[in-house]
Amino acid sequence: MSYRVTLIPGDGTGPELVVATRRVIEATGVPIEWEEHQAGLEVMEQAGTPLPASVLDSIRRNRVALKGPITTPIGTGIRSVNVALRQELGLYACLRPCRLYPGVPSPFKNVDLVIVRENTEDLYAGVEFDLDTPEAAQIAAMGKGKIRPDSAISIKPISVTGTRQIVKFAFDYAVQHRRCKVTAVAKANIMKFTDGLFFRVAREVAAGYEGKVEYEERLIDNMCMQLVQKPELYDVLVLPNLYGDIVSDLAAGLVGGLGVAPGANIGDSAVVFEAIHGSAPKYKGLNKVNPTALILCGVLMLRHLGETDAAQRLESATAAVIAEGAQVTYDLKPTRDDPTAVGTREMTDAIIARL
Ligand code: NAD
């Protein structure tokens, strides 16, 4: 039986990374029928939208997608396709495992974190009011002098439903993957209602896992410091959307950078696998960037499909190529201008040879 998977190449360096990932997955022997769909600025002209309905239909049908990064132009009013996909498909959990593989340049030795980021609300809800609009003026008036009249305003909704869902996801993940501890992270000393609600609901959920998984809380600023001082003390972290976004990049930095950090956006009816990194447009078409992050997304996808043996083989082959350190991209060399660095294609070839 072959699996049907929606494949979104994305833009910038996305298409070359997607080709690399498709090649290694095919080399594992797992039969996959790829249903390729385009999304992003490049389809805007023909389709009138950067996220055509056909893309969403395909993911809903197949329930699994592998996606390259998509550029979000700044300040144009065009909504992020990445955010829209998560909201349209109800992909409420963003899973970002950050493991340090031997051979990756990093000042740390022992990092194996899993970041669980809420994906649908918080300051990412897209409820914003621009400077000089009646809505911004109305909200500024409600602020009773706390909001300057020349403000643009973003609304930060944090719901009981969204928090319960994401914290439960983090605990269930911990149980299934034999993880010991979940740390909830927010700034409840300052945002007493929104982040306060996040901690309160997290505590209620944690009570249901007592004796199985440990629970603790950290303030976001202190968490950032602790992660760069003693990351080995942490296991699974659960955070609201914006903090989760920032801490994911921080944790990616601990394990060697964006080039090696995979991710998955998970809902009850679909999962979209995508790297943490963006489209790195300055490297587009240069056969330069590291395919590891998206390849590790492929590992997560194979596990999700139940192909655990293929997933393990692909992860081991990737780890072996990194540990050897010869056939790796510039970001995995001791210095970024190392002339022995290879390109995306060559590193992919080395992983396939290992398989
Ligand atoms: P970026 O992640 O694209 O790149 C930042 C830098 O990180 C790059 O210049 C490069 O030095 C490094 N990098 C990224 N990926 C790498 C890889 N695979 N190998 C080696 N080095 C790598 O971040 P950005 O420049 O802030 O964003 C570019 C565009 O991507 C923006 O439009 C942004 O909105 C979008 N974006 C998309 C997604 C997504 O599709 N999920 C995620 C983040 C950013």
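Could you pull out every one of the strands (runs of 3 or more DSSP E) wholly within segment 3-101 that has 1 or more residues that are near the ligand (Cβ under 10 Å from one of its atoms), out of contact with any Cys (no Cβ under 7 Å at 6 or more places or on another chain) and of a type in the set (D, E, K, R)?
On the way: elements: 3-8, 32-36, 64-67, 93-99.
Answer list for segment 3-101: 64-67.
Which of the residues that make up segment 323-345 are open to solvent by less than 80 Å² (accessible area, probe 1.4 Å), touching a residue at least 24 places away in the same chain (Cβ under 8 Å), under 16 Å from K288 (Cβ atoms) and not β-branched (V, I, T)?
Y330, D331, L332, K333, G343 - these are the residues of segment 323-345 that are open to solvent by less than 80 Å² (accessible area, probe 1.4 Å), touching a residue at least 24 places away in the same chain (Cβ under 8 Å), under 16 Å from K288 (Cβ atoms) and not β-branched (V, I, T).
Go through segment 132-172 and give me each residue that's part of a helix (DSSP H, G or I), open to solvent by 50 Å² or more (accessible area, probe 1.4 Å) and of a type in the set (A, V, I, L, M).
Of everything in segment 132-172, those that are part of a helix (DSSP H, G or I), open to solvent by 50 Å² or more (accessible area, probe 1.4 Å) and of a type in the set (A, V, I, L, M) turn out to be A137, A141, M142, V160.
Of the conditions (1) part of a loop (DSSP other than H, G, I, E, B); (2) farther than 30 Å from L85 by Cα; (3) open to solvent by 10 Å² or more (accessible area, probe 1.4 Å); (4) not aromatic (F, W, Y), I352 fails just one. Which one is it?
So I352 meets the others, but not (1).
With the structure loaded, tell me whether G40 is at pLDDT below 95, surrounded by 15 or more Cβ atoms within 10 Å (Cβ to Cβ), of a type outside the set (A, V, I, L, M, F, W, C) and under 24 Å from I295 (Cβ atoms) or whether it fails that test.
Details: at pLDDT below 95: yes; surrounded by 15 or more Cβ atoms within 10 Å (Cβ to Cβ): yes; of a type outside the set (A, V, I, L, M, F, W, C): yes; under 24 Å from I295 (Cβ atoms): yes.
Here the answer is yes, as G40 does meet what is asked.
Could you tell me whether any residue of segment 26-33 is open to solvent by less than 60 Å² (accessible area, probe 1.4 Å), closer than 19 Å to T344 by Cα and modelled with pLDDT of 95 or more?
For segment 26-33, residues open to solvent by less than 60 Å² (accessible area, probe 1.4 Å), closer than 19 Å to T344 by Cα and modelled with pLDDT of 95 or more: present.
Name the residue, out of G208, G244, G196, G253, that is at pLDDT below 95 and either buried (at least 17 other Cβ atoms within 10 Å of the Cβ) or at negative phi (or both). Steps first, please.
Numbers: G208 fails: at pLDDT below 95; G244 fails: at pLDDT below 95; G196 fails: at pLDDT below 95.
Residue meeting the stated conditions: G253.
Taking the conditions exactly as written (at pLDDT 95 or above and either within 16 Å of the ligand (Cβ to nearest atom) or outside any helix (DSSP H, G or I) (or both)), does L302 satisfy them or not? If you could, list the steps in order and put the result at the bottom.
Values: at pLDDT 95 or above: yes; either within 16 Å of the ligand (Cβ to nearest atom) or outside any helix (DSSP H, G or I) (or both): no.
No; evaluated as a whole, the condition is false for this residue.
Somewhere in segment 102-111, is a residue open to solvent by less than 60 Å² (accessible area, probe 1.4 Å), over 18 Å from L239 (Cβ atoms), without any contact (Cβ under 8 Å) to a residue 60 or more places away in the chain and among the aliphatic types (A, V, I, L, M)?
no
The values are calculated or read from the model by the stated rules, or taken from the named source; none is laboratory data. Everything numeric here is computed off the predicted structure, so don't read it as measured data. Glycine gets a Cβ as well: all are built from the backbone with ideal geometry, and neighbour counts include every protein chain shown. Remember, those area values only see protein heavy atoms, side chains included, never the ligands or the DNA or RNA. Shrake-Rupley method; radii C 1.70, N 1.55, O 1.52, S 1.80 Å.
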